[in-house]
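The values are calculated or read from the model by the stated rules, or taken from the named source; none is laboratory data. The structure presented is a predicted model; accordingly, all values stated were derived computationally and were not measured. So basically every Cβ, Gly included, is an ideal-geometry build from the backbone, and we count neighbours across all protein chains shown.
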Amino acid sequence: MVNFNVRFPEDLHARVRTQAAADRRSINSEILYLIEVGLITIAADAGSPGSDPVNPAPRGGNPDSSPA
C-alpha cells in the first residue's frame with residue numbers, strides 16, 4: 001500500500017470524520033471508500049451518451065491548488 005499525504009480544509013475533514021463515524025469506519029477507510037465510489041461514478045458517466053471521456057466536464061472547486 002502507498003502512503004500518501006493530503007491536506008484537507010478543516011470543514012471537509014469534519015464532514016469526512018462525521019460520515020466515517022456514521023458508517024463505523026476509520027477516516028482512512030472512509031476516504032478510500034469515497035474515492036472508489038467517485039471513480040466508479042466517473043467511469044459510469046463516461047459511458048453515457050453525449051459525454052466526452054477524454055475531456056470530462058470540470059468539477060467544482062479549484063482544479064489544482066497544489067504548489068508546482
- For the stretch 20-40, pairs from a residue that is within 18 Å of Val2 (Cβ to Cβ) to a residue that is among the small types (Gly, Ala, Ser) and modelled with pLDDT of 95 or more, with Cβ under 6 Å and 6 or more apart or across chains, are Ile27/Ala20; Glu30/Ala20
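One line per residue, one yes/no per condition, for (1) modelled with pLDDT under 80; (2) in a helix (DSSP H, G or I); (3) among the aliphatic types (A, V, I, L, M):
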| residue | (1), (2), (3) |
| --- | --- |
| Arg7 | no, no, no |
| Arg24 | no, no, no |
| Glu30 | no, yes, no |
| Tyr33 | no, yes, no |
| Leu39 | no, yes, yes |
